[in-house]
Amino acid sequence: MAYTRETHAESFVGKAENIYEAVLVIARRARQIGELQKRRVDRHLGQTEMLEQAAARARAESGDDSVEIEEIERDKISFPKPIVLSLNEMVEGKIEKRYEE
C-alpha cells in the first residue's frame, strides 16, 4: 500500500523563502537519501556475493555438490521513497538549508 500525505504550500511557511526554494531543498535532500539507500543496497549485494563465492569454494574443495551451506538470503530490500522522506523532513523542520557564499 502506498503512503500518501496531503501537503499544502502553507506547510512550508517559515521553512523556506518561497515554494520554489522549498521544492529545491526537498529535491536535493531526496537525492542525498537516494544515494544513501543505494549504498546500503550495494553493500548488501556485496555481502551476498561474498557468501555465494564462499559457498562455491566450499563445494569445490569438498568435491561434493551436496554439501549444505547455510542458506543465503536474497531478501528484497525496500525503502520508503526518498522524496516522501525529504518532504516529511521539510514539513517537520528537520532540514537545515545553507547557502554557499
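Just so it is clear, none of the values below were taken in a lab; they were calculated from the coordinates. Just so it is clear, the model here is predicted, and its values are computed rather than measured. So basically every Cβ, Gly included, is an ideal-geometry build from the backbone, and we count neighbours across all protein chains shown.
Values as computed for the structure displayed
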quantity: Residue-by-residue Karplus 3J(HN,Hα) for region 18-34, coefficients 6.51, -1.76, 1.60, Hz, glycine and proline x; calculated: 7, 5, 5, 5, 4, 4, 4, 5, 4, 5, 5, 5, 4, 5, 4, 4, x
quantity: In Hz, Karplus ³J(HN,Hα) per residue of region 86-98 (6.51, -1.76, 1.60; θ = phi - 60°; x = Gly, Pro); calculated: 5, 5, 4, 4, 5, 4, 7, x, 8, 9, 10, 9, 10
quantity: Sorted by Cβ density within 10 Å, fewest first, the residues L85, L51; calculated: L51, L85
